[in-house]
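Peer 1: Got a structure for you, questions after.
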Amino acid sequence: MAKKKRNRKRKKYFSFLSDERFKLTLGIFLVLFSLYLYLAFISYFFTWKTDQSFEWSRVFSGPEVMVDNWAGKFGAFLANKFINHWFGIASAVLPFILLITGLRLINIRTMPLGKTTRILLVGTILLSIILSFMFGDAGGFLGSGPGGGHGYFLSEWFSSILGKVGTIFLLSILILAFALFSFDSTLEKILSLIKKGETSAGEDTWITDQDEITPNEGEDEGEMDDEADVGKTDESLRFKTRRTGFGDSGIGEDGTGTDETGTDETRNDETGKVQDDNGIEMTVEKKQNGEMVDSNTALELEDYDPTLDLSNYRLPSIELLEEYKSVDTTVSNEELISNKNRIVETLGNYKIQIDKIKATIGPTVTLYEIVPAPGIRISKIKNLEDDIALSLSALGIRIIAPIPGRGTIGIEVPNRKPEIVSMRSIIASKKFQESKFELAIGLGKTISNETYVVELTKMPHLLIAGATGQGKSVGLNAIIASLLYKKHPAQLKFVMIDPKKVELTLYNHIEKHFLAKLPDSEEPIINDTQEVIRTLNSLTIEMDDRYNLLKSGKVRIIKEYNEKFIARKLNPREGHRYLPYIVVIVDEFADLIMTAGREIEMPLARLAQLARAVGIHLIIATQRPSTNIITGSIKANFPVRIAFKLTSMMDSRTILDSPGANQLVGRGDMLISVGSDMVRLQCAFIDISEIERITEHISAQQSYPEAHLLPEYIDESKTDLNGFNPDDKDDLFEKAARLVVEFQQGSTSLIQRKFSIGYNRAGRIIDQLESVGIVGPYEGSKARQVLIKDLISLERLLDNDPENPLSI
């Protein structure tokens, strides 16, 4: 216990080390101090004769003591210590360690910090000894010579023990060991030089990457290196050919070995050898991922980097978000005691005694946990919900009877002055920053003020409901912002559907970075109902394609597939590719269902049932969670649901399968249902101006040439007007014709509403009406012109014209 207490104290004392402000300040200090050291060291090379005797005692002396060093007395002291007393010229390497450390603290990554530091420290000591051994004290140059006092002492010590020859031998071994342990490519280069010496004795020929090698018709393209498709490697592929006969031969531009007469080489597929008529034989090893390398020295390629195309992309900075610090929003002791007394008094009026009561203060509500006396029935307390709300003069009282896993009854009471939970506080939290989730979403804070972070891939889809103005759109923006702060454009794509046309328009700026759309779509944010239908059907095609890739890759989920592709175990020549996650955002789902019905619901249900394994996730928001909007097939595939304040208990039961959402206080107060658990949160607030800054930050960086393109979808149910067959006319054709003529409005939505049919069927009827001359051609967003002006003319067209194929 005492040990834990000491650990907590130690963590408390050193908690400032994890503060971002401390890291930024220290990083800037180290960068500037390294530049200061470089200034002092450079100056010392010119002023060493006067500065070499400068000691620490003189640093803080009066202004009468002057030095020539450009960095002043402190700089002269440091330069004298490092260059004269310690490591000589090699000391110039040490400030570079401070420089890269400072850059790392301010989130500028240049090179691996630990490995670079080890190499530079060991290299400084070794270089100091070598310089002193080669030049000695150089007549007092820089004080103790180019190797400094440390190097001079060690070189003299080694020479006295081993002699000059022994010291040379020792230093050679140390240099070789330093190169082998510091640089991975050193051993490969040494081995390649040894093998090159061996092969030169046997008149071997090396063909490097300067010769263009492509497979001929008889060769398997899978054996050729797939590096050209997935990225570039630093090392050249080499193919070794052993000359076993006489005569000149080579490899032509078509990849076939030919002799002087142009005879093509032949290949032995069983032994993996390629041999021509002159006896030149190439032994090839086919690796698991289909690359072709020398059998004697098999290359290990680096992992594929999906972010290579936008390698300079920088995630949004936390500074783009605002910190909303509410003034005087803390819950006072007087408020807590007053609420407690009123709860106890109200329950006492109904002869309900309480043994204990505990208060947990949250950003929006305070949870009062009560332990009733033995023998008190829980249902009796539950029925007093309205009476407690009356006594506290508060809205949004919610009773949780009992709280799962605690054995207490919870009474949630709204705070008089609710606190704003900023998106900045969520993004900057340790829980979000250190999250290892594939698609981490920071939603807000719980009643106990803990940051609530969820994993979208585990949900795997999310259903959001909330009345107008209760925070639903802000919640969507918070979800999108969380993903933008975590993922690279190569790893994530959004499909945004916005029937209102105004909620998601701010994300137009990141079209070429993060958005996905149909090939023939002009707008990155989808507004038109017909485009929504085509997009959802296109996503089902993408889903099927991805399942085929997973099947051929012998994996079950997208994470395993991408890991295998990054490790170069899947060949792009066989159609494999890196698969980004696709998140489909649908706002105002109720409007889509009203206008398109099953044409929307069918592909959406398919995606909800199957798409999770291939990385396609749905986030659907609606104002009206009624049963005709949120159908059983949709609810069954959306186990995680969020409810902001709703107007009725029935709506709450529809979305959450329980009441409670109708008792929320609004303004971001929400309930999230995860399986059987129900958690109350205050949603993070992100303003429009913050979203604009984030999207501007992203759009200002290098982007892809175009948005991510979804597979093309062709609606085969559309009727070809030129090939219209009167025998295939719709059963509602004549009724629809009379309706259109009566209202003088050639509108697909009119036919949908009057006959309660889907969009596709109504569209086919309109096309049939156009083919017989009842309505005019398509005119964009306008209704079609009705060419028949009255019902009498229509009846004459249908009944009396013997030449009309549609006549009855």
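Peer 1: Rounded to the nearest 0.05, what FRET efficiency do LEU395 and ILE318 give with R0 = 35 Å and r taken as the Cβ-Cβ distance? Could you check?
Peer 2: With R0 = 35 Å, the Cβ-Cβ based efficiency is 0.50.
Peer 1: Then there's this: Taking square-rooted eigenvalues a ≥ b ≥ c of the alpha carbon gyration tensor, is the stretch 557-664 rounded, prolate or oblate, where a/c under 1.5 means rounded and, failing that, a/b exceeding b/c means prolate?
Peer 2: Prolate, because a/c is 1.5 or more and a/b exceeds b/c.
Peer 1: Any idea of the accessible area per residue across the stretch 619-764, 1.4 Å probe, to the nearest Å²?
Peer 2: 48
Peer 1: Could you give the accessible area per residue of the stretch 411-558, probe 1.4 Å, as a whole number in Å²?
Peer 2: Value for the stretch 411-558: 36 Å² per residue.
Peer 1: For SER422, what residues show an amide H to amide H distance below 5 Å, using hydrogens built from the backbone and excluding near sequence neighbours?
Peer 2: The answer is TYR324, PHE685.
Peer 1: Which FRET efficiency value, to the nearest 0.05, do you get for MET650 and VAL93 by plugging their Cβ-Cβ distance into 1/(1 + (r/R0)^6) with R0 = 60 Å?
Peer 2: Once rounded, the FRET efficiency stands at 0.25.
Peer 1: What GluC sites (Glu not before Pro) does the stretch 413-442 have in DSSP loop regions with at most 10 other beta carbons within 10 Å?
Peer 2: Sparse-neighbourhood loop GluC sites (Glu not before Pro): GLU434.
Peer 1: Give me the extension gain from LEU32 to MET66: residue separation times 0.36 nm, minus the current Cα-Cα distance, reported in nm with one decimal.
Peer 2: Here the answer is 9.9 nm.
Peer 1: Expected output is a single nm value to one decimal: the length gained when fully extending between GLU20 and LYS380, i.e. 0.36 nm times separation in residues minus the C-alpha distance. What is it?
Peer 2: The GLU20-LYS380 span can extend by a further 124.5 nm.
Peer 1: Of the trypsin sites (Lys or Arg not before Pro) in the stretch 362-399, which ones lie in a loop per DSSP and count no more than 12 other C-beta atoms within 10 Å?
Peer 2: Answer by residue number: ARG377.
Peer 1: Separate question: Accessible area per residue, 1.4 Å probe, Å², for the stretch 332-374: what's the number?
Peer 2: Normalised by residue count, the accessible surface of the stretch 332-374 is 54 Å².
Peer 1: Another question about this same structure. Of the accessible area of the stretch 461-596, with the probe set at 1.4 angstrom, what percent is carbon plus sulfur?
Peer 2: Using a 1.4 Å probe with all protein chains present, the stretch 461-596 comes out at 47 percent carbon and sulfur.
Peer 1: R0 = 45 Å: FRET efficiency of GLN785 with SER676, Cβ-based, nearest 0.05?
Peer 2: That pair, GLN785 with SER676, gives E of 0.20.
Peer 1: What is the extension gain from SER172 to SER633, computed as 0.36 nm multiplied by their sequence separation minus the C-alpha to C-alpha distance, in nm to one decimal?
Peer 2: 158.5 nm
Peer 1: First compute the accessible area of the stretch 77-180 with a 1.4 Å probe, then give the percent of it belonging to carbon and sulfur atoms.
Peer 2: Answer for the stretch 77-180 is 76 percent, counting heavy atoms of protein chains only.
Peer 1: What residues have an amide H closer than 5 Å to that of LYS493, excluding those fewer than 5 places away on the same chain, when H is modeled at 1.01 Å from N in the peptide plane?
Peer 2: Under 5 Å from the amide H of LYS493 lie the amide H atoms of TYR581, ILE582, VAL583, each far enough along the sequence or on another chain.
Peer 1: Now for a separate question. Any idea what the relative contact order of the stretch 293-444 is, in percent, if you count C-alpha pairs under 8 Å spaced at least 6 apart?
Peer 2: In percent, rounded to a whole number, it is 24.
Peer 1: Would you mind classifying the stretch 365-487 by shape? Square roots of the alpha carbon gyration tensor eigenvalues, ordered a ≥ b ≥ c; an a/c under 1.5 is rounded, otherwise it is prolate if a/b is larger than b/c and oblate if not.
Peer 2: Since a/c reaches 1.5 and a/b is larger than b/c, the shape of the stretch 365-487 is classed as prolate.
Peer 1: Which of the GluC sites (Glu not before Pro) across the stretch 499-588 are loop residues per DSSP, with 15 or fewer other Cβ within 10 Å?
Peer 2: Those that pass, being in a loop and sparsely packed, are GLU522.
Peer 1: Okay, next question. Carbon-plus-sulfur fraction of the accessible area of the stretch 647-718, 1.4 Å probe, in percent?
Peer 2: Carbon and sulfur together cover 51 percent of it.
Peer 1: Using θ = phi - 60° and the Karplus relation 6.51 cos²θ - 1.76 cosθ + 1.60, list the HN-Hα couplings for the stretch 676-690 in order, rounded to whole Hz, with x at every Gly or Pro.
Peer 2: 9, 8, 10, 10, 9, 10, 9, 5, 5, 9, 10, 8, 4, 5, 5
Peer 1: Further question: For the stretch 326-396, what class follows from the C-alpha gyration tensor (a ≥ b ≥ c being the square roots of its eigenvalues): rounded when a/c is under 1.5, otherwise prolate if a/b is larger than b/c, else oblate?
Peer 2: In terms of gyration-tensor shape, prolate.
The values are calculated or read from the model by the stated rules, or taken from the named source; none is laboratory data. These figures come from a predicted structure and were not determined experimentally. With ideal geometry, Cβ positions are generated from the backbone for all residues, glycine too; neighbour counts draw on all protein chains shown. SASA here: full protein model, heavy atoms, side chains in, ligands and nucleic acids out. Shrake-Rupley method; radii C 1.70, N 1.55, O 1.52, S 1.80 Å.
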